[in-house]
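Colleague: Starting off with a structure, shown below.
The values are calculated or read from the model by the stated rules, or taken from the named source; none is laboratory data. As the structure is a computational prediction, the values presented were derived from the model and not from experiment. Neighbour counts run over all protein chains shown; Cβ positions are idealised from the backbone, glycine included. Accessible surface areas use protein heavy atoms only, side chains included; no ligands, DNA or RNA. Shrake-Rupley method; radii C 1.70, N 1.55, O 1.52, S 1.80 Å.
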Amino acid sequence: MILHLDMDAFFAAVEQMDNPELRGKPVIIGGGLRGVVSTASYEARVFGVHSAMPIVTARRLCPQGIFVHGRRRRYAELSRAIMTVLGDFSPLVEPASIDEAYLDATGLTRLFGPLEELIARIKTRVAEVTGGLTCSVGAAPVKFLAKICSDVNKPDGVFILRPKEVDAFLLPLEVGRLPGVGRRMVGSLRDLGIVTVAQLRRYSPEFLEGRYGKWGRALYERAHGIDPRPVTPERPVKSESAECTFERDTRDREFLVRMLLAHAERVGASLRRHQLSGRTITLKVKFADFRQITRSRTLPEATNATETIFETGRDLLRELRLAQPVRLIGLGVSGFEENPVQFLLPGLAGGAAGGRDGRDPQREARRRKLDQALDTLRGRFGKEAVQRGRLFRQEKADTPEAGGVTKKK
């Protein structure tokens with residue numbers, strides 16, 4: 001059996017726990033005018049507010065809602081505590097996001113008693129280490145079913161699906177409940193007369209694969225309760241990125257460059273914290289009409305230096321014609337290497353940062369030394385304790401309403 005643990009309205013629940021004045025009130029995590037809802041408390045969900053909803057819509061549906069920008073560091077702190085608890089029960093724990101994880105419970109009943117007792121003990125320990133937060137747990141023979149089950153009795157619920165009950169549970173299920181089936185897929189399946197899993201089972205894997213590619217084969221397997229994916233404790237991070245959506249669309253290149261520097265600060269610090277270096281720098285731009293483009297440049301050597309990441313992103317932006325005002329800008333690093341960063345000798349061809357012919361190893365060494373000093377100060381006194389001077393020119397009114405480092409696995 002595999003367990004899927006999902007914290008209940010995690011970000012909003014943390015804010016309500018830390019601030020008693022918010023308890024029992026509709027709390028919505030997300031600010032500004034142009035962003036989306038990260039999480040909504042159950043009091044806000046009554047009004048139809050949900051994750052990924054535009055903030056403008058959330059304000060219209062719940063004008064009495066209390067909008068909070070959120071505290072990523074606090075959420076990450078509690079997430080680490082939760083994952084540590086799960087590791088006390090099983091060595092096979094796979095974090096799926098900051099507030100959910102899979103746990104392989106095979107054989108654990110010998111140590112902790114029946115499955116119901118095991119889950120109860122996990123929920124109790126999670127509440128203890130988080131200060132009282134609740135979670136919902138689903139148990140099933142495979143991962144995707146466990147994820148569905150954790151949502152059945154939310155909040156603070158448990159749902160156990162035994163192997164012999166899989167067909168009875170799956171057949172009447174709407175296809176939109178299957179993980180990975182979004183609104184567009186639901187519409188496409190409805191065109192075929194498919195609304196439930198029972199109707200989906202009428203189609204062969206060859207037909208579904210011919211229509212939807214590799215995802216069609218996976219869709220067939222999900223409809224039959226098949227999911228060979230094991231619980232994998234560690235998945236290598238493939239990229240680090242940061243992005244922000246602006247309160248107002250802009251063509252101000254100076255402002256966009258400052259945003260890239262802020263993103264490079266966050267991405268570089270995260271890479272160094274995880275001892276990662278990457279070769280490919282990617283610029284992401286979304287225009288006012290929601291058209292999105294990316295531009296990438298691969299460096300000859302991997303880096304995690306903030307200035308090198310910034311300069312590469314800045315040069316990619318300089319090469320870009322801003323046909324429309326910019327709504328969102330992001331900067332990412334990928335192409336990670338396990339070996340330590342090695343810098344080019346002076347005069348060698350191929351260095352790409354800033355469009356130069358090569359990266360000066362002395363300059364790169366200075367950058368590493370500066371990054372190390374800044375990381376140490378921020379680790380001791382907080383991330384706002386010291387900032388690069390160029391960021392001070394950013395006007396408060398221009399601060400993006402959403403942003404942060406994201407990891408893709």
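Colleague: Mind listing the phi-derived Karplus ³J(HN,Hα) values for region 80-97, rounded to whole Hz, using 6.51, -1.76 and 1.60 with θ = phi - 60°, and x for any glycine or proline?
Modeller: Karplus values, whole Hz, x for Gly and Pro: 4, 5, 5, 5, 5, 4, 4, x, 6, 9, 8, x, 9, 10, 10, x, 9, 6.
Colleague: Next up: If Lys and Arg each add +1 and Asp and Glu each add -1, what is the summed charge of the other residues whose beta carbon sits under 13 Å from the beta carbon of L208?
Modeller: +3
Colleague: Just report the Cα centroid separation between region 252-324 and region 26-86, whole Å.
Modeller: Centre-to-centre distance over Cα atoms comes out at 27 Å.
Colleague: From largest accessible area down, sort K284, K143; use a 1.4 Å probe on the protein chains.
Modeller: K284, K143
Colleague: Right, here's the next one. What length, rounded to one decimal in nm, is gained on full extension from S296 through to R72, with 0.36 nm per residue of separation minus their alpha-carbon distance? Let's see the in-between values first.
Modeller: Values: separation 224, 0.36 × 224 = 80.64 nm, distance 2.77 nm.
Working it through step by step, the gained length comes to 77.9 nm.
Colleague: Here's something else I'd like to know. Hey, can you grab everything whose amide H is under 5 Å from the amide H of H69? Only 5+ residues off in sequence or another chain; H modelled, so Pro and N-termini drop out.
Modeller: G30
Colleague: What are the ³J(HN,Hα) couplings of region 254-270, residue after residue, when phi is run through the Karplus curve with 6.51, -1.76, 1.60 and θ = phi - 60°? Round to Hz, x for glycine and proline.
Modeller: With the stated coefficients, region 254-270 comes to 4, 5, 4, 5, 5, 5, 5, 5, 4, 5, 4, 4, 5, 5, x, 4, 5 Hz.
Colleague: Expressed as a rounded percentage, what relative contact order does region 34-156 have, with Cα pairs under 8 Å and six or more residues apart?
Modeller: Reported as a whole number, the value is 14 percent.
Colleague: So, one more: With a cap of 16 neighbouring Cβ atoms within 10 Å, and only residues DSSP puts in a loop, list the trypsin sites (Lys or Arg not before Pro) found in region 3-65. Don't jump to the answer; show the numbers that get you there.
Modeller: On the way: sites: R23, R34, R45, R59, R60; in loops: R23, R34.
Answer in residue order: R23.
Colleague: Using amide H atoms built 1.01 Å from N in the peptide plane, name the residues 5+ places from T39, or on other chains, whose amide H lies under 5 Å from its own.
Modeller: Excluding prolines and chain starts, which carry no amide H, the hits are I29.
Colleague: For region 102-158, give the percent of accessible area contributed by carbon and sulfur heavy atoms, probe 1.4 Å, rounded to a whole number.
Modeller: 51 percent
Colleague: Using θ = phi - 60° and the Karplus curve 6.51 cos²θ - 1.76 cosθ + 1.60, what whole-Hz ³J(HN,Hα) does each residue of region 187-204 get, with Gly and Pro shown as x?
Modeller: Listing the rounded values in order: x, 5, 5, 5, 4, 8, x, 9, 10, 10, 5, 4, 5, 5, 5, 6, 9, 6 Hz.
Colleague: Could you compute how much accessible surface V175 exposes when probed at 1.4 Å, giving the result in Å² to the nearest 10?
Modeller: Only protein atoms counted, so the area is about 0 Å².
Colleague: Please list the non-local residues whose amide H lies under 5 Å from the amide H of I2, H modeled 1.01 Å from N, same-chain partners needing a gap of 5 or more.
Modeller: A105, A140, V142
Colleague: Separate question: Give me the 1.4 Å probe accessible area per residue for region 22-156, excluding ligands and nucleic acids, in Å².
Modeller: 46 Å²
Colleague: Quick one: ranking K123, K214, K369 by accessible area, 1.4 Å probe, largest first, what do you get?
Modeller: K214, K369, K123
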